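Notes to accompany the following structure.
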Amino acid sequence: MSIVDELAFPAPRPSGCPFDPPPAYRRPAARLTLWDGNPCWLLTDYQDVRTVLSDRRFSADGRNPGFPILTRSQQELRNETPSFLRLDDPEHARLRRMLTTEFLIKRVEAMRPGIQRIVDEALDAMVGHGPPADLVAEFALPVPSLVICELLGVPYGDHAFFQRESFRLLDTTAPAATTRSAFEALTAYLTELAASRRGREDGILARLAARTDLTLPEVAVTGLLLLVAGHETTANMTSLSALALLQHPAQADLLRERPELIPGAVEEFLRYLTIIGSGLPRVALADVELPGGTLVRAGEGVLAVLSTANRDEGLFPGGEELDVTRDARRHLAFGFGVHQCLGQPLARAELQIALSTLLRRLPALRLAVPFDEVPFRNETVIYGLRALPVAW
Amino acid sequence: MHVTVDQDRCCSSGQCVLTAPEVFDQNEQDGLVRLLQDRPALALLPALRTAAALCPGGAITVTAPAAGGESGA
Ligand code: SF4
């Protein structure tokens, strides 16, 4: 075991390959001190991470004593109505199960033509303006944003507002007042929208608002979770995957020749890029000895780092390299256990369609700036790109 | 070979349906796993092992015949 004194979240990526996990996470299980002076375990090993996320002796409830609070902004929202992401069963299951039919594999498959249309229209518009173009602003962000808006029943016309506020909500460097105002603006917006949708059938918000077993704040935080998670994660996965393909032209060629490799390639991008920058926080409810030998005692906080787990050499030989032909399905990029990403079928469909269409329609896609001038963003809990200047 | 699912542990991730659609489906009313056949052909064993390993809820149990050194997943 090694001791780390203090670690900011997300950890900085000072040098080296920006696709790699931060060097600070590349260590065995370690004790560290969080920004608020509280201790916490940093767990980076695949089996340890998988155990923490699936063993019910670890709680995801942020109100439990010892639960690691990673940033000032999380501290600021600690007493707000939690989304189901921050609850344990049975409360978690009660709220989550209201949404499971929305993301059934068959239901998402039926959405593919609609997603393809959104992807094609975004590319048409981008090609109409460019080159050059910013692939984040014109493609990677609008596509999932349009999809989740349609699904939720949120007017896309408001996107400038909720994209700005979600970014502020996730910005770990923002002052507490900014986090609070972003949270309040978004929940007020969604509460009003949900209330106005009562009695209608279209969209998840309307279906949630119609339920008598949910309070309006519960509807609003559930909507907030879906809205933020729905566009921030997929947008950053899309732009980072596109950049990774530009950096690996032979693999891009292979995918153009063999489009049937796309679903597997998406799993590899999820594994290799793992965009959840800070690791997932949990607190032990009992003494647990982890597979790697670490004894976590009841009341101790842990951070399960997904990015290093997904580079495990035993499971993913040569895992430091991108290889779109690898079987990467055991990655933990969507988390694991009962909290594993609910929207993963949708995320997969969006990524598969967006990347295959990009490869097919813009075979000459290239970076419009040198690689080291591409602006990565590390200040939010979801890693990604601020912009991706491209030409074709 | 025998497959069982524990619906109480299912969190509707759909990983099983993606991995072995011959054996698993999702219930359209509640999103929970639905077993299409509990004694599938032995040829499906690798896919079923993968499905059991991928299941985030640990809801899938695969019992393979003892002959040939196979054991439960
Ligand atoms: S993989 Fe497991 S949790 Fe996911 S739907 Fe199948 S049984 Fe349920």
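The values are calculated or read from the model by the stated rules, or taken from the named source; none is laboratory data. Not measured: the values here are computed from a predicted model. We place every Cβ from the backbone using ideal geometry, glycine too, and count neighbours over all the protein chains shown. All accessible areas refer to the heavy atoms of the entire protein, side chains included, with ligands and DNA or RNA removed. Shrake-Rupley method; radii C 1.70, N 1.55, O 1.52, S 1.80 Å.
Do you know which residues across the stretch B:34-63 are part of a strand (DSSP E or B) and touching a helix residue (DSSP H, G or I) at 6+ places or on another chain (Cβ under 6 Å)? Residues satisfying the conditions are B:I60, B:V62.
Just to be sure, is B:D30 over 25 Å from A:E267 (Cβ atoms), more than 9 Å from the ligand (Cβ to nearest atom), assigned to a loop (DSSP other than H, G, I, E, B) and at pLDDT below 95? Yes: the conditions hold for B:D30. Residues that are open to solvent by 10 Å² or more (accessible area, probe 1.4 Å) and free of Cβ contacts under 8 Å to residues at least 60 places away in the same chain within the stretch A:216-246 comprise just one, A:L216. The number of residues in the stretch A:317-334 being surrounded by fewer than 22 Cβ atoms within 10 Å (Cβ to Cβ) and more than 23 Å from A:D55 (Cα to Cα) comes to 10.
From the list A:G37, A:G62, A:G16, the lone residue that is more than 14 Å from every other protein chain (Cβ to nearest Cβ), assigned to a loop (DSSP other than H, G, I, E, B) and in contact (Cβ under 8 Å) with a residue 60 or more places away in the chain is A:G62. Just to be sure before I move on: is A:A182 hydrophobic (A, V, I, L, M, F, W, C), touching an Asp or Glu at 6+ places or on another chain (Cβ under 8 Å) and surrounded by 19 or more Cβ atoms within 10 Å (Cβ to Cβ) in the structure I sent? In short, yes. Only residues that are in contact with a Phe, Trp or Tyr (Cβ under 6 Å, 6 or more places away or on another chain), open to solvent by less than 40 Å² (accessible area, probe 1.4 Å) and over 24 Å from A:P175 (Cα atoms) were counted across the stretch A:39-72, and they come to 3. Of the residues making up the stretch B:34-48, those that are open to solvent by 10 Å² or more (accessible area, probe 1.4 Å), within 13 Å of the ligand (Cβ to nearest atom) and closer than 22 Å to A:R329 by Cα are B:R34, B:L35, B:A47. Residues in the stretch B:17-32 that are in contact with a helix residue (DSSP H, G or I) (Cβ under 6 Å, 6 or more places away or on another chain) and either exposed (fewer than 13 other Cβ atoms within 10 Å of the Cβ) or more than 9 Å from chain A (Cβ to nearest Cβ) (or both): B:A20, B:F24. Take the conditions of a type in the set (A, V, I, L, M, F, W, C), out of contact with any Gly (no Cβ under 7 Å at 6 or more places or on another chain) and under 29 Å from A:E91 (Cβ atoms) and apply them to A:A229. Does it pass? It is false that A:A229 is of a type in the set (A, V, I, L, M, F, W, C), out of contact with any Gly (no Cβ under 7 Å at 6 or more places or on another chain) and under 29 Å from A:E91 (Cβ atoms). Just a yes or no: is a residue in the stretch A:277-287 open to solvent by 10 Å² or more (accessible area, probe 1.4 Å), touching a Ser or Thr at 6+ places or on another chain (Cβ under 9 Å), closer than 24 Å to A:N79 by Cβ and touching a residue at least 60 places away in the same chain (Cβ under 8 Å)? Yes, the stretch A:277-287 contains a residue that is open to solvent by 10 Å² or more (accessible area, probe 1.4 Å), touching a Ser or Thr at 6+ places or on another chain (Cβ under 9 Å), closer than 24 Å to A:N79 by Cβ and touching a residue at least 60 places away in the same chain (Cβ under 8 Å). Apart from one condition, A:T212 fits all of (1) surrounded by fewer than 22 Cβ atoms within 10 Å (Cβ to Cβ); (2) in contact (Cβ under 8 Å) with a residue 12 or more places away in the chain; (3) more than 30 Å from A:L367 (Cβ to Cβ); the exception is (2). Could you please find all residues in the stretch A:335-371 being open to solvent by 20 Å² or more (accessible area, probe 1.4 Å), away from chain B (no Cβ under 14 Å) and within 24 Å of the chain's Cα centre (by Cα)? Scanning the stretch A:335-371 gives A:S356, A:F371.
Taken over the stretch A:73-93, the criterion of being within 14 Å of chain B (Cβ to nearest Cβ) and either open to solvent by less than 70 Å² (accessible area, probe 1.4 Å) or hydrophobic (A, V, I, L, M, F, W, C) (or both) is satisfied by A:F84, A:L85, A:L87, A:D88, A:D89, A:H92, A:A93. Can you tell me which residue within the stretch A:247-256, out of those that are within 16 Å of A:Q352 (Cβ to Cβ) and among the hydrophobic types (A, V, I, L, M, F, W, C), is surrounded by the fewest Cβ atoms within 10 Å (Cβ to Cβ)? Across the stretch A:247-256, the extreme among qualifying residues is A:L254. The set of residues in the stretch B:1-22 that are more than 15 Å from B:L54 (Cα to Cα) and within 10 Å of the ligand (Cβ to nearest atom) contains only B:Q7. The set of residues in the stretch A:102-119 that are of a type in the set (D, E) and open to solvent by less than 40 Å² (accessible area, probe 1.4 Å) contains only A:E102.
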